[in-house]
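The values are calculated or read from the model by the stated rules, or taken from the named source; none is laboratory data. Because the structure is a prediction, the values reported are computed rather than measured. All Cβ positions, glycine included, derive from the backbone under ideal geometry; neighbour counts span all protein chains shown.
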Amino acid sequence: MQETKVVRPFPFFRAGARASQPQLSKPILVLEDVYKFFRPDQPTLRGVDLKVERGEFAFITGPSGAGKSTLLKLVYRELTVDEGRVLFCGRDICRLTDKSIPFLRRNLGVVFQDFRIIDHWTVFENVAVALEIVSMPKRLIRSRVAEALERVGLAGRGPELITNLSGGEQQRVAVARAIVPEPALILADEPTGNLDPHLAIDILTLFEEINSTGTTVLFATHDHSLISKRDHRLISIDEGRVLESQQGLKHWPGSGIHTMAG
Amino acid sequence: MDLKNAIVRARRGLREERRLYVVAVTSLAVAFICLGATLLGVTNLDAAATRWGQSGRITVFLKDGADAQDVAQLRVVLEGLADVEAVTHVTPSQARNSFLEEADVGADLSALPSDVFPASLEVTLVNGVTRERGESIASRLAQFRAVSDVESYGAWFQKLDQLLWGARMLALGLALLVMFCVVAVIGNTIRLAVARRRQEIEVMKLCGATNGFVRGPFVLEGMFQGFASALVAVLALLVGYLALHESVDSTLAALTGSRVVFLGAWTLVALLVGGALIGAIGSAVSVRRYLSV
């Protein structure tokens, strides 16, 4: 019988800990032969191999139900892999104990299609929550939140209630919440899904600006019009398998993603 | 867990869910009032029993035709005891008159001859003499030649003890019931609050909040509910006590010789701390299942 190995929280995932130099030189995210089953006969992800370098911007695309969200959920440990490994900064996050998961998530920023912001809180409170959980001093929280709101174009809107904001502004609040703890990696799960094309481009540009400061961004979307406007790396998932292009839709082999994704 | 942050968030939770919490605190206060009232009853019964137990009496019935010298010797012995405060000789005619006065039986028994009632020595013990010591004196007195019987009222105290035991069991049962009610009501209130704030919890967990961070404010809210309910109940009982004790006091003093007392300081502390503790436990248990995000 195989002995179950008890894994202690990785120092890097503990509050206040910093990544060492060898960790910084490794790819930020590596998926090795990852399988995820929701039904025994039909894996949602099958043998996914993926490497994301530090500072990269990558689109994850594919039809609905292809496994884009599942892949992201494996990274922020809402789900666990059934086979294979997910390495974040060289550490296997599948082996993290439940107590270590919060420390992993503090190194990630997650943005969703449905914003997931609290309606009855103010803009400030919605962004500040990401810093309150690490018991940051109030004065520092105020300055960091103000800075984040400025970066997403909501400078001075902190005291406003979420219900007074438009959809695009609400998504900007969600982005501000994701970037305020200065995470190493941002996972955006269809962040433009609820926005009109104009706002979608605005949000995409915002993520690109964040990426330009060195933050790695994984941007899941099935909006081809959005992908076609940029030359970022494209990771396509179809029926649980990954197909890749290093330089966007224009460089996709053959007739492009349209034929592949139907 | 950052306590300051948890308190701030608990205050916000209490403000946002105030209607829900007012209803919960009111229902729980009723339960605490029942428990407090029973404890008040037990406290007073206990106080009366202690008072009666400590103001002990022994009646020494003398044999018909007991030698006056033997009776005098018995008196000397009794008066020499440090535990005895006073010794009164009751003649058969005095006993008959006293009986007819106290029994309020009218003319039916007024024809009873005096020799039906035995002569006796009424022994009043010093205040603070324990019941066990009284029993010991009574058993020794029974050995005197002039004594036909000794009544130390042990059976009566036994009945009072049984009554007290019953009241204590009732209080214990009520305490358990109230504990169950508090856990159930606070648990359900917190569950409702958690359901309404599920999105908040989800967001916090996704941002990297630990279970302690999420649980903290809910535990504090539950603790506050339990404490507030117990406090409301104590205040309600105090108001009732202050309003009624004067009128009850005179009746009780006439009947039992004791006065109404309020709950002791430790009982009050136990009620308040117990309420807070059970509230905290109830909410911690109910919030636990919502932490797996």
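Here are some notes:
- Evaluation of A:TYR35 against (1) in contact with a strand residue (DSSP E or B) (Cβ under 7 Å, 6 or more places away or on another chain); (2) over 24 Å from A:LEU226 (Cβ atoms); (3) within 14 Å of chain B (Cβ to nearest Cβ) (one fails), failing number: (3)
- Condition met for A:ALA155 (modelled with pLDDT of 90 or more and surrounded by fewer than 22 Cβ atoms within 10 Å (Cβ to Cβ)): yes
- The single condition from (1) at pLDDT below 85; (2) closer than 30 Å to B:GLY274 by Cβ that B:ILE33 fails is (1).
- Any hit, region B:186-193, residues being within 14 Å of another protein chain (Cβ to nearest Cβ) and either surrounded by fewer than 18 Cβ atoms within 10 Å (Cβ to Cβ) or over 27 Å from the mean Cα position of the chain (by Cα) (or both): yes
- Residues in region B:72-92 that are of a type outside the set (A, V, I, L, M), assigned to a strand (DSSP E or B) and within 17 Å of B:PHE61 (Cβ to Cβ): B:THR88, B:HIS89.
- From the options B:GLY226, B:GLY240, B:GLY216, residue that is under 25 Å from B:ARG15 (Cβ atoms) and more than 14 Å from chain A (Cβ to nearest Cβ): B:GLY226
- Any pair with Cβ under 6 angstrom, 6 or more apart, that starts in region A:87-104 at a residue that is closer than 18 Å to A:PRO27 by Cβ and ends at one that is hydroxyl-bearing (Ser, Thr, Tyr): A:CYS94/A:THR80
- Filter pass, B:PHE61 being in contact with a Ser or Thr (Cβ under 7 Å, 6 or more places away or on another chain), assigned to a strand (DSSP E or B) and either without any contact (Cβ under 8 Å) to a residue 12 or more places away in the chain or more than 14 Å from chain A (Cβ to nearest Cβ) (or both): yes
- Among residues of region A:96-123, those that are surrounded by fewer than 20 Cβ atoms within 10 Å (Cβ to Cβ), within 13 Å of A:ARG172 (Cα to Cα) and more than 13 Å from the chain's Cα centre (by Cα), counted: 2
- Some residue of region A:194-210 being of a type in the set (A, V, I, L, M), outside any helix (DSSP H, G or I) and touching a residue at least 40 places away in the same chain (Cβ under 8 Å): no
- Residue list for region B:10-59, restricted to those being surrounded by 17 or more Cβ atoms within 10 Å (Cβ to Cβ) and in contact with a Gly (Cβ under 6 Å, 6 or more places away or on another chain): B:GLY56
- When each of A:ARG142, A:ARG116 is tested for being without any contact (Cβ under 8 Å) to a residue 60 or more places away in the chain and closer than 24 Å to A:THR192 by Cβ, the lone residue that passes is A:ARG116.
- Tally, over region A:93-112, of residues that are within 14 Å of chain B (Cβ to nearest Cβ) and either of a type in the set (A, V, I, L, M) or part of a helix (DSSP H, G or I) (or both): 10
- When residues in region B:17-36 are screened for being within 14 Å of chain A (Cβ to nearest Cβ) and without any contact (Cβ under 8 Å) to a residue 40 or more places away in the chain, 1 of them pass.
- Selected residue (only one of A:ARG177, A:ARG116 is basic (Lys, Arg), closer than 25 Å to A:GLU78 by Cβ, outside any helix (DSSP H, G or I) and within 13 Å of chain B (Cβ to nearest Cβ)): A:ARG116
- Residue count for region A:69-92 satisfying the condition of being modelled with pLDDT of 90 or more and away from chain B (no Cβ under 13 Å): 13.
- When the residues of region A:125-152 are filtered to those that are in contact with a Leu (Cβ under 8 Å, 6 or more places away or on another chain), within 14 Å of chain B (Cβ to nearest Cβ) and under 11 Å from A:ALA176 (Cα atoms), the one that is surrounded by the fewest Cβ atoms within 10 Å (Cβ to Cβ) is A:ARG144.
- Within region A:60-92, being touching a Gly at 6+ places or on another chain (Cβ under 8 Å) and assigned to a strand (DSSP E or B) holds for one residue alone: A:GLY84.
- Test set (1) more than 14 Å from chain B (Cβ to nearest Cβ); (2) over 19 Å from A:ASP33 (Cα atoms); (3) assigned to a strand (DSSP E or B) - A:ASP49 fails condition number: (2)
- Residues within region A:211-221 that are in contact (Cβ under 8 Å) with a residue 60 or more places away in the chain and either within 15 Å of A:VAL152 (Cα to Cα) or touching an Asp or Glu at 6+ places or on another chain (Cβ under 7 Å) (or both), tallied: 5
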